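Each remark here refers to the structure printed beneath this line.
Computed from the coordinates by the stated procedures, all read-outs in this text should not be read as laboratory data. No experiment lies behind these values; they were computed from the predicted model shown. No Cβ is skipped: glycine too gets one built from the backbone with ideal geometry, and neighbour counts run over all protein chains shown.
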Amino acid sequence: MSILRLIFNIAWFVMGGFIMGLAWWLVGVLCFISIIGIPFGRACFVIGEMAFWPFGQESVNRKTLRGEEDLGTGTMGLLGNIIWLVFFGIWLALGHLASALACAITIIGIPFAVQHFKLALLSLAPIGQTIINKDQVIHRI
């Protein structure tokens, strides 16, 4: 991890990333209440980690990454994303959008606003996505 990425992640965490990361983890705990929600909850904890330290991480569609469809990238994933959007996705997206607008007020906050916009998009349809480190090199032959 580069020193600049570390500085940005620490500044992000201190200036509000902590709140949105906790929001993701709270939703994850709520999802674990039911058996059906466990896969959603697991995704919340993974994405919540990205919400705590977003710089240097990226969400990628698993089908694109692996080259094959799985349960979360097919029809069941679409159904899961619709259910997710109705119950939790819209609220997390609104939280990230409000945070993005607050960050975008200053020039220094623009990189943080961009990360919030990325997380807002991810919060609308997280099923079928995975988080990777940007330093990972993926070679397809």
Which residues, taken from region 56-114, are part of a helix (DSSP H, G or I) and either hydroxyl-bearing (Ser, Thr, Tyr) or within 17 Å of residue 9 (Cα to Cα) (or both)? 64, 75, 96, 99, 100, 103, 110, 111, 112, 113, 114
Output yes when any residue across region 26-44 is within 28 Å of residue 103 (Cα to Cα), in a helix (DSSP H, G or I) and within 10 Å of the chain's Cα centre (by Cα), and no when none is. yes
Return the total of residues in region 103-112 being touching a Phe, Trp or Tyr at 6+ places or on another chain (Cβ under 9 Å) and surrounded by fewer than 17 Cβ atoms within 10 Å (Cβ to Cβ). 2
When region 113-136 is checked residue by residue, the ones that are surrounded by fewer than 19 Cβ atoms within 10 Å (Cβ to Cβ), more than 10 Å from the chain's Cα centre (by Cα) and touching a residue at least 60 places away in the same chain (Cβ under 8 Å) are 132, 133, 134, 135
Pairs returned, first residue in region 66-86 that is under 15 Å from residue 123 (Cβ atoms), second residue that is in a helix (DSSP H, G or I), beta-carbon separation under 7 angstrom, 6 or more apart or interchain, are 84/40; 85/124
Run down 20, 50, 15 and say which single residue is closer than 19 Å to residue 133 by Cβ and in a helix (DSSP H, G or I). 50
